[in-house]
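To start, the structure under review is shown below, and the notes come after it.
Readers should treat all values here as calculations from the given coordinates under stated rules, not as data from a laboratory. What you see is a predicted model; the values in this text were computed from it and never measured. We place every Cβ from the backbone using ideal geometry, glycine too, and count neighbours over all the protein chains shown.
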Amino acid sequence: MSVVTVRVPAKVNVQLAVGAARPDGFHDLANVFLAVGLYDQVTVTPAHGLRVTCEGPDAAQVPLDRSNLAARAAIALAERHGLTPDVHLHIAKDIPVAGGMAGGSADGAGALLACDALWGTGASREELLEICAELGSDVPFSLIGGAALGIGRGERLTVLETGGTFHWVFAMAGRGLSTPAVFREFDRLTEGLGIPEPVASRELLGALAKGDPDALAAAVSNDLQPAALSLFPELADTLAAGEAAGALTSLVSGSGPTTAFLARDTAAAEKIAQALRTSGTCKSVRTASGPAPGATVVGAS
Ligand code: C5P
């Protein structure tokens, strides 16, 4: 094999229930992920040493050193199999950077799957998921895609059934938000309050299983939203603009600052997208539906 390309989806969290900070600094979550059809592609080719390149509108914000999750994934797989990570990782980036849509995690999962194919390491699904969990809380979901409930810090996954396609509009903000900063703001805002154990909502899981957008709209929640809004108050204007254009519901995606709007169908999604584009409250707007498949090899030769 001399070149392998893997496509990996973005995610939106339709429920993000956050517990109190743990001794290790992470938070226990009940995290309901839905993969949506916005994709990064990771292409790997043999090289002398490890090299990362990136193309796309946000490419300038992507680190090209060993802190990049794609580089860390290649190193982790090589170490386990006694190889040196002599590979060029090229990321074609369409998922917003630092947007709360798991773009970095997608690149980690993509690089892992691509290097496994390039090097013929033949890692089992379990081994790949184990490496993903070491790389970051959201990386295992990027590998499996679809819909899943993540517990622990979000990495222990149970696949969820979905009874239909959900149509979304995403509004990208003019700047990013740091996930650790949003969790720290959550800690500050909830200090002294009793935080309940995070649990998945039965209504929400039922709505996903039925493919019912109205029931899903009534059940979505994001405990990080007040923290994201506290750090980025202008997001309230974006949420209001999407709601005014007929979104069934609006929410911050994960730790933000991307905002997500659920639409009844593709026509409604287009109308909401158009209204957001002219609202002056966001940098760019995309439509995408979910569930979308997880990391997939789309080219190999
Ligand atoms: O796991 P990941 O590296 O993606 O997490 C990034 C940061 O987000 C962590 O360093 C931590 O500050 C925060 N986090 C958390 N609890 C989680 C997941 C992430 O506090 N369950």
* Cross-link partners among lysines for residue 210, C-alpha distance below 23 Å, same-chain residues fewer than 8 apart left out? -> 11
* Asked: Short version: ³J(HN,Hα) in whole Hz for each residue of the stretch 263-279, in order, from phi by Karplus 6.51 cos²θ - 1.76 cosθ + 1.60 (θ = phi - 60°), x for Gly and Pro, what are they?
  -> 10, 5, 7, 5, 5, 5, 4, 4, 5, 5, 4, 5, 4, 5, 4, 9, 7
* **Amide H contacts of residue 95 (H built 1.01 Å from N, under 5 Å, at least 5 apart or other chain)** => 40
* Using only the Cα atoms of the chain, construct the convex hull and provide its projected area averaged over every direction, in square nanometres to one decimal. => 14.8 nm²
* Asked: Want the number for residue 187 to residue 125: 0.36 nm per residue separation, take away the alpha-carbon distance, what's left?
  -> 18.8 nm
* **Equivalent ellipsoid, the stretch 166-290 (semi-axes from 5 times Cα gyration tensor eigenvalues, Å)** => 24, 20, 10
* Using θ = phi - 60° and Karplus 6.51 cos²θ - 1.76 cosθ + 1.60, couplings along the stretch 16-29 (whole Hz; Gly, Pro as x) -> 9, 9, 10, x, 6, 4, 8, x, 7, x, 7, 10, 6, 10
* Structure fact -> Under the Karplus relation with 6.51, -1.76 and 1.60 and θ = phi - 60°, whole-Hz ³J(HN,Hα) for the stretch 69-86, x at Gly and Pro, equal 4, 5, 5, 5, 5, 4, 5, 4, 5, 4, 4, 5, 10, x, 10, 9, x, 7
* **Cα-Cα separations in the stretch 4-160 greater than 19 Å, expressed as whole percent** => 50 percent
* To do: Evaluate the charge dipole of the chain about its Cα centre and quote only its size in Debye, nearest 20, assuming +1 on the Cβ of each Lys and Arg and -1 on the Cβ of each Asp and Glu.
  => 420 debye
* Report the label-to-label distance for residue 83 and residue 158 in nanometres (one decimal), using points 7 Å from each Cα along the Cα→Cβ vector. => 3.5 nm
* Whose amide H sits under 5 Å from the amide H of residue 154, counting only residues 5 or more places off or on another chain, with H placed in the peptide plane? -> 29
* To do: Just subtract the alpha-carbon distance of residue 277 and residue 297 from 0.36 nm times their residue separation and send over the number in nm, one decimal.
  => 3.9 nm
* Considering the chain as a Gaussian network with a 10 Å cut-off on Cα pairs, which listed residue, 108, 280, 256, attains the greatest mean-square fluctuation? -> 280
* Asked: Taking only C-alpha pairs under 8 Å that are 6+ residues apart, what is the relative contact order of the chain in percent?
  -> 27 percent
